[in-house]
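Derivation of every value follows stated rules applied to the coordinates shown; laboratory data play no part. In this text the structure is predicted, and so the values were computed from the model without any measurement. We place every Cβ from the backbone using ideal geometry, glycine too, and count neighbours over all the protein chains shown.
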Amino acid sequence: MTTEATPSEKYLEVQRSEEFAGLRRKLRNFVFPMTVAFFLWYALYVLLSAYARGFMSAKIVGHINVALLFGLLQFVSTFLIAWYYSRYAAKELDPIADKINADLKEPRS
Amino acid sequence: MISLAAEATTSTSRTLTITLFLIFVAITLAITIWASRQTKTATDFYAGGRQFSGFQNGLAIGGDYMSAASFLGIAGLIALYGYDGFLYSIGFLVAWLVALLLVAEFLRNSGRYTMADVLAFRMRQRPLFVPLLRSPRLWFRSST
């Protein structure tokens, strides 16, 4: 018991570990490119709405024009990103995180 | 537009509105009192004791978003400004992704309940205190 590191030392040790660095890298490699992507997609939508009115007001079926479809596509892309992120987290991130967590808790129990 | 609004508030419709409002408040209070009997720790209060599944939590957040801002505000904006109102509401939607990817994941396992708590947890508390007091926005729940 007395040779056990204090909790904060344990956390620092985990932070320095290779496993944790890998987990962080995986998370960031997903989150940052995805953020740039959806932001550019949304910016495209807004800029086209502002400056390409001819293109956006082209009718496709009855009263539905390109602008409305484009807006609905934003909905679709948001749901897809959320769904894909939840799959990615469950498959790649959670196993590593659970393992690190279990390793941390082990000596105490 | 203004004349339409003036016609709507006859005395009978006002009675109906107020009655519905009071019923709604009564139901909400009843649920709150019932829930408060089972709330013992801070985790129970802020995070439902962490006993909600992801789907249930998602429904709760959805309820948050589909508030008066959506049903009244967006509907009104689209009625008044047409496509511009629609464009405005897409902004709400995409902003939720920012909260999901850039905020929620990084806060998830900190064990803290509000943004202010997380910042205090991660940084030195004193220099943070003053700007936090001035920024009400940072008190929003890290709803994770």
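Place a point 7 Å from Cα of A:L68 in the direction of its Cβ. Which residues in segment A:40-62 have their backbone N less than 11 Å from it?
Under cut-off, by backbone N: A:59-62.
Taking every eigenvalue of the Cα gyration tensor of segment A:7-105, multiplying by 5 and rooting it, what semi-axes result, largest first, whole Å?
Details: eigenvalues 388, 38, 11 Å².
Listed largest to smallest, the semi-axes of segment A:7-105 are 44, 14, 7 Å.
Expressed as a whole number of Å, what is the distance separating the alpha-carbon centroids of segment A:45-67 and segment A:23-37?
32 Å
Hey, what number do you get for chain A at 222 nm if only DSSP H runs of n ≥ 4 count, each worth -39500 (n - 2.57), divided across all residues, to the nearest 500?
Working: 5 runs with 83 residues, N = 109.
For chain A, the value works out to -25500 deg cm²/dmol.
Go through A:K10/A:K91; A:K26/A:K99; A:K26/A:K91 and tell me which ones have a Cα-Cα distance over 23 Å in this structure.
Numbers: A:K10/A:K91 26 Å; A:K26/A:K99 15 Å; A:K26/A:K91 11 Å.
From the list (A:K10/A:K91; A:K26/A:K99; A:K26/A:K91), the Cα-Cα distance tops 23 Å for A:K10/A:K91.
For segment A:7-105, what is the relative contact order in percent, using Cα pairs closer than 8 Å and at least 6 residues apart in sequence?
Working: 31 pairs, mean separation 34.3, N = 99.
Taking the mean separation of contacting Cα pairs over the length of segment A:7-105, I get 35 percent.
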